[in-house]
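The values are calculated or read from the model by the stated rules, or taken from the named source; none is laboratory data. All of these numbers come straight from a predicted model, not from anything done at the bench. With ideal geometry, Cβ positions are generated from the backbone for all residues, glycine too; neighbour counts draw on all protein chains shown.
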Amino acid sequence: MQQSVSAHVSDHDHGHVDQEGLKVLGFWIFLVTDCLLFATFFATYAVLHNHTNGGFTAKEFDIPGFIIETFILLISSFTSGLAVLAMNKGNKKGLIRWLIVTAALGATFVGFEINEFTHMVAEGATISKSAFLTSFFSLVGTHGLHVTFGIFWMIGLIFQLSRKGITPVTKRKISIISLYWHFLDAVWIFIFTVVYLMGVM
Amino acid sequence: MSNHHDTGSIKAYIIGFILSIVLTIIPLVLVLEHLLSKSALVVSILVAAVLQFVIQLFFFMHIRDGEGPRYNVMALILGLVFVVTIVAGAMWIMSFNSQVQ
Amino acid sequence: MGKSHFFVTGDPMIYGADVSIVLAMIAIVFSLTYFKKWGYLWREWITTVDHKKIGIMYLLSSLIMLFRGGVDAILMRLQLAIPNNHFLPSEHYNEIFTTHGTIMILFMAMPFMFALFNMVVPLQLGARDVAFPMLNALSFWLFFIGAMLFNISFVIGGSADAGWLSYPPLSENAFSPGPGQNFWIWGIQLSGIGSLATGINFIVTILKMRTPSMRLRDMPLFSWSVLSSSIAILGVFPILTVTLAMLTIDRLLGGHFFTMDAGGNPMMYVNLIWMWGHPEVYIVVLPAFGVYSEVVATFSRKRIFGYGSMVFSMIAISVVSYYTWAHHFFTMGAGADVNIVFAICTMIIAIPTGVKIFNWLFTMFRGRIRVTQPMLWFYAFVPTFLVGGATGVMLAAAPADYQYHNSYFLIAHFHQVLIGGVVFGYLAGMYYWFPKIFGFKLNDRLGKWGFWLWQIGFYVCFMPQYALGFMGMTRRIYTYNQSAGWDMGWAPLNMISTVGAFLMGLGFVFQAWQIIYSLKHGERDVTGDAWDGRTLEWSIPSPPPIYNFAVLPTVKGLDAWWYQKEEMKKEGYKPEPVKYEPIHMPKNTGIPFIMSIFWFIAGFGFTFEWMWMGIIGLIGVVATLFARSFQYDTDYYISVEEIERTEKALRNYTSVQRSAN
């Protein structure tokens, strides 16, 4: 059905809007709003980060832990780029393979983060301990939720790819999720810098 | 789709990847080895973060692609203005906070 | 929370509401079943992605919400009419002023605005639909479900009572335990996500979906106002989402963003909520400015004066509005430097607004003016908004604000700009585009009754409140003259104000009557061009066919339809032969509705802190997202034969009506 519709579009719809390009632009604008969402969390973190209520402070972050998380996410951003390259070459198998690698790296990242959080909670650094910890868990946790959502989304797309192959529609979907994934890495750079590096400084 | 003819090559991705790694390691070393005074340190690691963000935009997210007016770039610039306003505005307005607490 | 508290008890008014809600539900279910309309409702309305129908649903819901918010207002005015009054219990009074504010801004003004967006923008642009029709339907259902969630708090669980922006620490668990505050959070959260999606949708629609020959500089001013308003939505609604999420984290997960203990800072909430809240009022007023621009140009039979400066001033307003938020809390103590900057930005924003008023007046200068209903509302707007703006500049002076703030002076000011600017504008827009969407005009005589009652009621209601503010009456006061011996002399002015509120209520009754009366007796619009209009929406039949434009229109500049009509009047005008092509349209889908039901389940669960229910709802939301992602068969084509059939039928109908007249 979709095939016939796309064939239609190229046949005699000159004046018409390019549906897939429209969706990519819409997604860019959504990313901007997501940016503002994180900015608000960052602003609150910046205001509240000294309000530690005599408990856990930013100096006590697990340094090897966040370094590993940073590199895992950076590598996954690269592999999601490789997936897009494979797609542009029309290589469906390579595309699916790199998507699986990316999703697996994402899952590892989330695993490390959960590990970090549970350790902190075990030490008594819970979300209700201080305003600092509330803003920390909210900011980093929101990013983690975004990554988790992205993993499930990617798995869904892998199924669609194996069924439909590389079509204009699946191509657009892959471009969008790779934008999303790079964006999450970009947000992480600032979490890494503002929360972790400035914290342990 | 309008923007897949000039999306990056494998070379561009590798360059971007290496630059990102370098820009991650530099601030890490600066912080862990206490190489700079506090304010210089803050400025330099923030600069590294912004540079890495720009690299993501150009090498991975292909912000330059596509034809016609680049509404995505305009949206992004406007978004960055808003981001700076939110963060800087909130910090400035709430700066009385440090005296109160 | 135990079962005994689930239903609100103990107030005869609420028992009355319970009974009438149950009766209304039974009546709706019965009549839908009896007339076999369930299928119709599902196929034609619930699953629709047509922007015109979505606009109609927004309009209906916002009028219902205007009624609910208006009843709240009248109850408040009754409570304040005489001194020492205990007509309402004090908690009930607090709930009512909270719901009045929230409903009027978020569940009346916003959907009314989206109604106009949806009914007009694609038609003005020569487009067949918005950029993302399914998302558009989702936005509507999220708003609707949010509004319903907010409104059931009246009978289940109890309403929020911490003021329309619910400042912490009052809105935190320590001072407002129970579901009321959560209803407020989730009702707004859901509809806010819908608003954000609408903002994105209309930005992309305006940038990308215009008929190919329409450049941005040929675009009608209403569409420009929608663009500038959508940019502001884009910039601030994420902040609202996060601020509400933070309050949720505090209340549900024991966080300390805004609490009084463990280092929380309630002032940060005030700061964040106004970062959204101030631009929000510009978001709602900009489209009203757009409406006035269309109305004034049409009924002065002149091109709008200063098109370029109009566009520039709207974009300027939408950007500068981002830099004024701190004027809502000058007295917080952020320091003189902060207050100065925000005071100046606030005053600067009066300049582009003034430019617009002058442009409208210059458009009318030497125009051939027709005084129709939309034009009446414009006339009413000018002085009302002017006074409201002037008192706004008074409030913007930071040192003086220490005197005015939190008083009835402020109440009078913002009602004057919001009613005079926004409500009058939207009503003008409703009267103006009503014949386009529904195919008939609204009755003039009843409309004029409604108009004059509104006007007189407005001034009688709000002018005394400025004086009351100066006399020291603070907002949200429950009653006055509790103990003898400190009569402040507030009673007479309060009584007058209450009379004014009733007059406005009566005006609304006339308008409701006007709509019902006109359904049957309204003047049918057979030309598609009810007002001798200037922009593309008037070039197609009323109501427009599903695909709006059989052939995408050609635009050669501003006021495209006006100049095409001039062409058509010339000797030897030959219409270009039309060649239809198949039209690409989105299919109806039930997913927006189903997803919103899951959001409702999630919101209801979290409101009562039943985590299992909230999580089930969220899982349902994600599942429907996935279901949509796996749906590939989402569009269809309307064949050339069907277009020919539809167009022929529309033209026959028109010519029959014409000869009958």
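For the residues C:259, C:205, C:248, C:241, the requirement of being among the β-branched types (Val, Ile, Thr) and in a loop (DSSP other than H, G, I, E, B) singles out C:259. For the stretch C:308-322, the condition holds for at least one residue, the condition being that it is touching a Ser or Thr at 6+ places or on another chain (Cβ under 6 Å), under 30 Å from residue C:188 (Cα atoms), β-branched (Val, Ile, Thr) and in contact (Cβ under 8 Å) with a residue 60 or more places away in the chain.
Inside the stretch A:115-145, residues that are over 21 Å from residue A:49 (Cβ atoms) and in contact (Cβ under 8 Å) with a residue 24 or more places away in the chain make up a count of 1. Give the stretch C:39-59 a look and list any residue that's assigned to a helix (DSSP H, G or I) and closer than 17 Å to residue C:195 by Cα, or say none. The answer is C:51, C:54, C:55, C:56, C:57, C:58, C:59. Does residue B:57 satisfy the condition of being hydrophobic (A, V, I, L, M, F, W, C), modelled with pLDDT of 85 or more and over 30 Å from residue C:337 (Cβ atoms)? It is true that residue B:57 is hydrophobic (A, V, I, L, M, F, W, C), modelled with pLDDT of 85 or more and over 30 Å from residue C:337 (Cβ atoms). Screening C:430, C:394, C:375 for residues that are part of a helix (DSSP H, G or I) and surrounded by fewer than 19 Cβ atoms within 10 Å (Cβ to Cβ) leaves exactly one candidate, C:394. Taken over the stretch C:77-105, the criterion of being more than 18 Å from residue C:180 (Cβ to Cβ), crowded, with 19+ Cβ neighbours inside 10 Å and not basic (Lys, Arg) is satisfied by C:79, C:80, C:104, C:105. From the list C:330, C:365, the lone residue that is surrounded by 15 or more Cβ atoms within 10 Å (Cβ to Cβ), of a type in the set (Phe, Trp, Tyr), more than 19 Å from residue C:428 (Cβ to Cβ) and more than 27 Å from the chain's Cα centre (by Cα) is C:330. If I filter the stretch C:275-285 for residues that are in contact with a Leu (Cβ under 7 Å, 6 or more places away or on another chain), farther than 23 Å from residue C:119 by Cβ and touching a residue at least 12 places away in the same chain (Cβ under 8 Å), do I get at least one hit? The answer is yes; a qualifying residue exists.
Residues checked against (1) under 29 Å from residue B:54 (Cβ atoms); (2) touching a helix residue (DSSP H, G or I) at 6+ places or on another chain (Cβ under 7 Å); (3) within 13 Å of chain C (Cβ to nearest Cβ); (4) buried (at least 21 other Cβ atoms within 10 Å of the Cβ):
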position	(1), (2), (3), (4)
A:101	yes, yes, no, no
A:106	yes, yes, no, yes
A:119	no, no, no, no
A:128	no, no, yes, no
A:141	yes, no, yes, no
A:149	yes, no, yes, no
A:162	no, yes, yes, no
A:193	yes, yes, no, yes
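The set of residues in the stretch B:49-79 being over 22 Å from residue C:201 (Cβ atoms), at the interface with chain A (Cβ under 7 Å from one of its Cβ atoms) and of a type outside the set (Phe, Trp, Tyr) consists of B:49, B:52, B:56, B:61. Within the set C:127, C:137, C:131, C:147, the sole residue that is in contact with a Leu (Cβ under 6 Å, 6 or more places away or on another chain) and not basic (Lys, Arg) turns out to be C:131.
Screening A:94, A:81, A:111 for residues that are surrounded by 16 or more Cβ atoms within 10 Å (Cβ to Cβ) and more than 14 Å from chain C (Cβ to nearest Cβ) leaves exactly one candidate, A:81.
Only one of the numbered conditions (1) in contact (Cβ under 8 Å) with a residue 24 or more places away in the chain; (2) over 19 Å from residue A:153 (Cβ atoms) is not met by residue A:85, and that is (1).
For the stretch C:34-87, a residue qualifies if it is of a type in the set (Asp, Glu) and more than 30 Å from residue C:634 (Cβ to Cβ), and exactly one does: C:72.
Residue-wise test of (1) hydrophobic (A, V, I, L, M, F, W, C); (2) in contact (Cβ under 8 Å) with a residue 60 or more places away in the chain.
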| position | (1), (2) |
| --- | --- |
| C:367 | no, yes |
| C:377 | yes, yes |
| C:383 | no, no |
| C:399 | no, no |
| C:403 | no, no |
| C:406 | no, yes |
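Sub-7 Å Cβ pairs linking a first residue in the stretch C:6-32 that is in contact (Cβ under 8 Å) with a residue 40 or more places away in the chain to a second residue that is surrounded by 13 or more Cβ atoms within 10 Å (Cβ to Cβ) and not in a loop (DSSP other than H, G, I, E, B), at least 6 apart or interchain, are C:6/C:156; C:7/C:156; C:8/C:14; C:8/C:156; C:11/C:92, ordered by first then second residue. In the stretch C:446-462, the residues that are within 15 Å of residue C:423 (Cβ to Cβ) reach residues that are hydroxyl-bearing (Ser, Thr, Tyr) and in a helix (DSSP H, G or I) with C-beta atoms within less than 6 angstrom, at least six apart or across chains, in these pairs: C:461/C:497. Taking the stretch C:271-292, which residues are away from chain A (no Cβ under 12 Å) and within 16 Å of residue B:92 (Cα to Cα)? Matches in the stretch C:271-292: C:274 only.
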